[in-house]
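The values are calculated or read from the model by the stated rules, or taken from the named source; none is laboratory data. Model, not experiment: these values are computed from the prediction. Note that each Cβ is placed from the backbone with ideal geometry, even for glycine, and that neighbours are counted across all protein chains shown. Each accessible area value is taken on the protein alone, full model and side chains, heavy atoms only, with ligands, DNA and RNA left out. Shrake-Rupley method; radii C 1.70, N 1.55, O 1.52, S 1.80 Å.
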Amino acid sequence: IVTHPEFRPFLGRRLEKYRARATKALEVFAGCEVIRPIVPDGVFYFSATFDTERFPGTQHLQARNKQVRLYLDELQATNSLRRDKLFAYELMGAEGVCVVPLSGFASLHDGFRMTLLEEDEALYLDTCHRIRRGAAAFFRA
């Protein structure tokens, strides 16, 4: 595959799409004090850490329905979730957006990873805005 004459041009187009989506995410997250983006280079995901030193507290997000809120409350009652994992659950319950907590990658820093693979730009931007809104509310930023 890598020796095919179309491989390098294809790879270049893919990397350019990832760069463009990462730039859009950086634009959406700019000014959100709790999100500290990690600028990606040539990968299909976007990561960010949370500024938990400046924003140590968390709060519930508005869950979409009572069953979701009850489930999230059960998870919190165990007191065993890192903040980024709790954020991922709260975001899913409130905004319908799935991010992967950085603690799932054995990171010492709380944060999240999201994909850059979404082809629908409007949906992608809406997702970024939902993440920003959720992080600001969750950390009271």
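Points to keep in mind about this one:
- In this rough spin-label picture, where each label sits 7 Å from Cα along the Cβ direction, the PHE7-THR78 distance is 4.4 nm.
- Rounded to the nearest 10 degrees, the inclination of helix 66-77 to the longest alpha-carbon principal axis of the chain is 80 degrees.
- Once backbone amide H atoms are built at 1.01 Å from N, LEU81 has no partners under 5 Å, excluding neighbours fewer than 5 places away on the same chain.
- Surface share of carbon and sulfur [accessible, 1.4 angstrom probe, percent] for the range 44-128: 54
- HIS129 contributes an accessible area of around 90 Å² to the protein surface, as traced by a 1.4 Å probe with all chains present.
- Less than 5 angstrom separates the built amide H of LEU116 from those of TYR45, PHE46, all sequence-distant by 5 or more or on a different chain.
- Of interest is the spacing of the C-alpha centroids, which for the range 58-85 and the range 100-141 amounts to 17 Å.
- Relative contact order, whole percent, for the chain stands at 30, derived from Cα pairs under 8 Å and 6 or more residues apart.
- For the chain, the longest principal axis of the alpha carbon atoms and the long axis of helix 7-29 meet at an angle near 30°.
- MRE, 222 nm, helices only [DSSP H, n ≥ 4, -39500 (n - 2.57), over the chain, to nearest 500]: -15500 deg cm²/dmol
- The chain: angle of helix 83-95 to the longest principal axis, Cα-based, in degrees nearest 10: 90
- Shown here: Rg/Rh (Cα atoms, Kirkwood Rh), derived from the displayed model; of the candidates [x] 0.98; [y] 1.04; [z] 1.00, it corresponds to [y].
- For PHE55, residues with placed amide H under 5 Å, excluding near neighbours: none
- Packing-based ranking of 63-75, 22-34, 1-13 yields 22-34, 63-75, 1-13, ordered from highest to lowest mean Cβ neighbour count within 10 Å.
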